[in-house]
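Written out below as structure tokens is the structure these notes cover.
The values are calculated or read from the model by the stated rules, or taken from the named source; none is laboratory data. All values derive from a computational prediction rather than experimental measurement. Here Cβ is always computed from backbone atoms with ideal geometry, including for glycine, and neighbour counts include all displayed protein chains.
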Amino acid sequence: MTTYVMGRTPEEYERLRRQAAIWEPATARVLSRAGLEPGARCLDVGCGPGETMRLMAERVGPTGRVVGLDVDVPLGALAAERSGGEFVAADVTADDDAVPAGGFDLVYGRLILLHTPDPVAVLRRMWRWTAPGGVLVVQDYDMRTVDSYPPIDVVDEWRRVFLGTYAAAGRDVRLGSRLPTLFAEAGIGAPDGTDVAGILGTMADSAGMLAATYRSIAPLAVAHGLIDEAQRDAYPAEVAAAAGQHPSACAMWPLLIGAFKRKQR
Ligand SMILES: C[S@@+](CC[C@H](N)C(=O)[O-])C[C@H]1O[C@@H](n2cnc3c(N)ncnc32)[C@H](O)[C@@H]1O
């Protein structure tokens, strides 16, 4: 199932839901700025557990339509059930005709380009699926910002393992910051707007996400020789201990960067 770096377990699906709740205000803001209105036909590419589909469904109301597209069939089925939307099983890196060209007033993708080997090709495909007068909205991470103050070993270790594993898998951890350039390379043109969302939390409220994301990426990190099994198994307890020792230390999360562009009629 493609070369996805994160896990495909019930725990990871639950983590994606928690993560979606954290970023919901940033996504709601971008959807408002992009002009999502009642009655719109929406496509969520790499929909995951469908939390953004639910948000879209609330916005577009009964006259609108919400479709999620994902390569993970069980996860997509769950997304459709939870959001009341439809689900299309497809690989966005390959399936040009998974949905009709020009079929959607909103084509959206969060944390999907980061997971594809050729994000420009995926953007071209998403733009093709956008109707004349419709809007393309993308949100993706720049992970280089992950840090703590004062410096804490488990945060430095998280950054080493994530940046190293993504690089080994041929993925770009800065992708969010490159969105305007990628839009230009895809022939979409300069975005109409961009949005940068960040979270400065504490070690106490960030420890759970540090441990869960590390657990999710660990199989690939082991495969690429960035950690061994002993390090993998020790990390959750090390994070818990660090959070206990430095509960109010500052923890900076990845930036979630958005860009949007309306297509001419
Ligand atoms: C990090 S999750 C983000 C989920 C959701 N967009 C969110 O922000 O909550 C990435 C999602 O993209 C999906 N995905 C990864 N590669 C894909 C591909 N080539 N085609 C379609 N979906 C893909 C994964 O199955 C997963 O559900």
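Checked against (1) surrounded by fewer than 20 Cβ atoms within 10 Å (Cβ to Cβ); (2) within 24 Å of PRO191 (Cα to Cα), ALA57 meets all criteria but (2).
Run down ALA169, ALA237, ALA204, ALA241 and say which single residue is within 30 Å of TRP127 (Cα to Cα) and surrounded by fewer than 20 Cβ atoms within 10 Å (Cβ to Cβ). ALA169 is the lone residue from the list that is within 30 Å of TRP127 (Cα to Cα) and surrounded by fewer than 20 Cβ atoms within 10 Å (Cβ to Cβ). Take the conditions (1) under 24 Å from SER206 (Cα atoms); (2) buried (at least 20 other Cβ atoms within 10 Å of the Cβ); (3) near the ligand (Cβ under 9 Å from one of its atoms); TYR4 misses just one of them, which is (2).
Flag: PRO191 does not match the condition of being more than 14 Å from the chain's Cα centre (by Cα) and surrounded by fewer than 17 Cβ atoms within 10 Å (Cβ to Cβ). Of the residues making up the stretch 74-111, those that are in a strand (DSSP E or B), surrounded by fewer than 20 Cβ atoms within 10 Å (Cβ to Cβ) and within 10 Å of the ligand (Cβ to nearest atom) are VAL88, ALA89. Filtered by the rule that a residue be more than 20 Å from GLN231 (Cα to Cα) and not in a strand (DSSP E or B), the stretch 147-168 gives a lone residue, PRO150. Summed over the stretch 7-24, the residues that are touching a Ser or Thr at 6+ places or on another chain (Cβ under 8 Å) and either small (Gly, Ala, Ser) or within 8 Å of the ligand (Cβ to nearest atom) (or both) give a count of 2.
A quick yes/no check of all residues on (1) polar (S, T, N, Q); (2) closer than 19 Å to GLY258 by Cα; (3) more than 17 Å from the chain's Cα centre (by Cα):
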{"position": "VAL71", "(1), (2), (3)": "no, no, no"}
{"position": "ALA77", "(1), (2), (3)": "no, no, yes"}
{"position": "GLU81", "(1), (2), (3)": "no, no, yes"}
{"position": "PRO100", "(1), (2), (3)": "no, no, yes"}
{"position": "ASP105", "(1), (2), (3)": "no, yes, yes"}
{"position": "TYR108", "(1), (2), (3)": "no, yes, no"}
{"position": "GLU157", "(1), (2), (3)": "no, no, yes"}
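With respect to (1) within 17 Å of the chain's Cα centre (by Cα); (2) closer than 30 Å to PRO150 by Cβ, the lone exception for ALA259 is condition (2).
For the stretch 25-39, check the following and say yes or no: at least one residue is more than 9 Å from the ligand (Cβ to nearest atom), modelled with pLDDT under 95 and over 17 Å from ILE112 (Cα atoms). Within the stretch 25-39, none of the residues are more than 9 Å from the ligand (Cβ to nearest atom), modelled with pLDDT under 95 and over 17 Å from ILE112 (Cα atoms). Taken over the stretch 217-264, the criterion of being under 21 Å from ASP205 (Cα atoms) and in a loop (DSSP other than H, G, I, E, B) is satisfied by HIS246, PRO247, SER248, ALA249, TRP253, PRO254. Please go through the stretch 55-73 and give me each residue that is more than 10 Å from the ligand (Cβ to nearest atom), assigned to a helix (DSSP H, G or I) and farther than 16 Å from VAL30 by Cβ, ordered by number. Once the filter is applied, which keeps residues that are more than 10 Å from the ligand (Cβ to nearest atom), assigned to a helix (DSSP H, G or I) and farther than 16 Å from VAL30 by Cβ, the stretch 55-73 yields only ALA57.
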